[in-house]
1. With respect to residue 111, is the statement that it is out of contact with any strand residue (DSSP E or B) (no Cβ under 6 Å at 6 or more places or on another chain) and farther than 18 Å from residue 11 by Cβ true?
2. Against the definition (at pLDDT 85 or above and either within 27 Å of residue 124 (Cβ to Cβ) or surrounded by 15 or more Cβ atoms within 10 Å (Cβ to Cβ) (or both)), how does residue 89 come out, yes or no?
3. Could you grab the pairs with beta carbons closer than 6 Å, sequence gap of 6+ or different chains, first residue in region 18-45 and at pLDDT 90 or above, second one in a helix (DSSP H, G or I) and surrounded by fewer than 19 Cβ atoms within 10 Å (Cβ to Cβ)?
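The values are calculated or read from the model by the stated rules, or taken from the named source; none is laboratory data. Keep in mind the model is a prediction, meaning the values are calculated, not measured. Virtual Cβ from ideal backbone geometry, glycine too; neighbours counted across all protein chains shown.
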């Protein structure tokens, strides 16, 4: 187990958390209902806090944290803009964050199976897994509310 491998895995997670933050911020912009806007804004703040904790873990292990999200996420946000223009904004926002959350949960699960990930990094990610699952359930409820 090397710090470099663990840092690489965490940086991959960090990029996705940054993407998630931006996605929630965009969802808050395009949502019509105040309750949805507030939910998405709170989730953006939560993802920002997770990203900060992952950055600190990377730095603690001697690595250099990534500072931006992925190119794919930028493309996804462009799609969200187009999607919102073509349909109900609440539905578009919920669909987009639901896709992003599923992707993030899978990233966490995959990272936690990696032997190269340090024990402290695994502990950090496991601590956030429950929140990710709960957010997924809340998004499902939001989706039902727009149906």
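1. On the way: out of contact with any strand residue (DSSP E or B) (no Cβ under 6 Å at 6 or more places or on another chain): yes; farther than 18 Å from residue 11 by Cβ: no.
Answer is no for this residue.
2. Numbers: at pLDDT 85 or above: no; either within 27 Å of residue 124 (Cβ to Cβ) or surrounded by 15 or more Cβ atoms within 10 Å (Cβ to Cβ) (or both): yes.
In short, no.
3. 44/25
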